[in-house]
Amino acid sequence: MADERSREGGHEPVWARWRRPGPTAAQRRNDVWVALAALAGAVAVTVLINSMGASLWESGPPLAEQLAWGAALTLPLVARRRYPLTVMFVVGALLIVVQTRQVGDNLVPSVALFLAIFSAGAWGQDRTRARWARIAVIVAMFGWLGFGLVRFLVSPLPPFEGAAGPLDPVLATVLYGIGFNVLFFLSAYFFGEMAWVSARRQAELEHRAEQLRRSQEQNTRGAIVAERVRIARDLHDVVAHHVSVMGVQAGAARRVLDRDPELAREALRTVEDTARTAIGELRGLLGVLRADQEDVPEKTGETSSPGLDQLPELAELARSAGLDVEHGVYGEPRPVPEGVALSVYRIVQESLTNVVKHADARKADVRVRFLENSLEVEVADDGRGPKGTSAGTAGFGLVGMRERVAVHGGELEVGPRRDAGYRVRARFPA
């Protein structure tokens, strides 16, 4: 999400404009149960208070009307998540009407108003409207409280029998009323806001988890594609080289079979040996692919990857195909990472294969140079490919070479030589 910043200068977090989705079916069912529980509480408390004669007011409406007002106050809670602001305004207005009518129960109406203000903070879609709507209701409630306190102060005061505290009873009554309502309304506002923030954080975590899952899937797909390319490259290097040599030797055997059986037999023996070598390399490659992770080191020890030490064998195999190959090592030899050594081997293998298959060449030079800051391998021939196309551009070989060199941060140079022939030069950083 571009550092989770967007709008005009990037100072406002994207999640600050998040809108909470509407309630689910399960949450709407829970609201029904909450409203029914509040209604049951209103009925029970109203009946108990009227039965005890413990009403806050000297006179009040009949019990049936009080029960009706209790139902009117609690049933709107059914829609407290779907229409939070409307429910808050309705419950707040009904609370004032209920107290004006001097209904005996004041507990359940207060609980209903608390839930309504909480729900407006937790579920209001437009955060600005939700904020100011709650502030407006709270201010109205305090205005109603102030009106009640003024009415209390101007009316004949009760005797306050048994008052024993250090404060004046009237002052204590006023302070208690104000303090209780401040705590009541601030709690409703605070917990509603915290519920909305918690829901936003949960949504953000789920969004990030989904992003992470998609990123992991993308990385997995990329790794699979890269592995397929690597396998295809190795198969191409193994199969193309050995099959090319086998084809050359089989053709030579066919041409001299009648007049020189011994030479034909030697060519067929080379075909046989090359086939065994190709099968061995293919088995090693397939063994690595099929092996479990814990089995790889053991398998590797049995069929290690070819490297610089096997370059003379490549040269000898190319000589058996009729190509005069010279192999030279220059500089002070030093240990080379296995991946680099394998890449050097495959580049030489592919280059000699292309010379045998595509170039009208008689001679090829394979040179490995241990330079101060790099390892360089060069394969040069003295021929030209068909229609002026050099040996190094045949098939997918050049693509595979570039990929192998790029993996190690090296450089690849391919192109015709100044006098005749073609040159492939790869340089790997030390």
Classify the range 123-212 as rounded, prolate or oblate from the Cα gyration tensor: take a ≥ b ≥ c as the square roots of its eigenvalues, call it rounded if a/c is under 1.5, otherwise prolate when a/b beats b/c and oblate if not.
prolate
Spelling out what I want: for every residue of the range 262-278, take phi, set θ = phi - 60°, compute 6.51 cos²θ - 1.76 cosθ + 1.60 (Karplus), and round to whole Hz; glycine and proline get x.
5, 5, 5, 4, 5, 5, 5, 5, 5, 4, 4, 5, 5, 4, 4, 5, 4
Non-local residues with an amide H under 5 Å from the amide H of A364, with H modelled 1.01 Å from N and Pro and chain starts lacking one, are D324, V325, E326
Determine, from the Cβ-Cβ distance of V139 and Q218 and an R0 of 51 Å, the FRET efficiency 1/(1 + (r/R0)^6), rounded to the nearest 0.05.
0.45
Rounded to the nearest Å, the spacing of the alpha-carbon centers of the range 303-354 and the range 198-229 is 42 Å
Sorted peptide list for 252-260, 146-154, criterion being average Cβ within 10 angstrom, highest first:
252-260, 146-154
Report the Cα-based extents of the range 7-215 along its three principal axes, largest first, to the nearest Å.
74, 38, 26
Take the range 125-170, drop everything but the C-alpha atoms, weight them equally and run the Debye formula without solvent; then report log10 I(q)/I(0) at 0.23 Å⁻¹ to two decimals.
-0.85
With +1 on the Cβ of every Lys and Arg and -1 on the Cβ of every Asp and Glu, the dipole magnitude of the range 7-215 about its Cα centre, in debye rounded to the nearest 20, is 1200 debye
Report the paramagnetic label zone for L48: residues of the range 97-113 whose backbone N is under 15 Å from a point 7 Å from Cα along the Cα-to-Cβ axis.
104-111
Neighbours of G410 by Cβ distance under 12 Å: Lys/Arg at +1, Asp/Glu at -1, summed charge 0
Using each residue's phi in the range 81-93, evaluate 6.51 cos²θ - 1.76 cosθ + 1.60 at θ = phi - 60° and report the 3J(HN,Hα) Karplus result to the nearest Hz, with x for Gly and Pro.
8, 7, 10, x, 5, 4, 4, 4, 5, 5, 5, x, 5
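Readers should treat all values here as calculations from the given coordinates under stated rules, not as data from a laboratory. Since we're looking at a predicted model, the values are computed, not measured. As a convention, Cβ positions derive from the backbone with ideal geometry for all residues, glycine included, and neighbour counts pool all protein chains shown.
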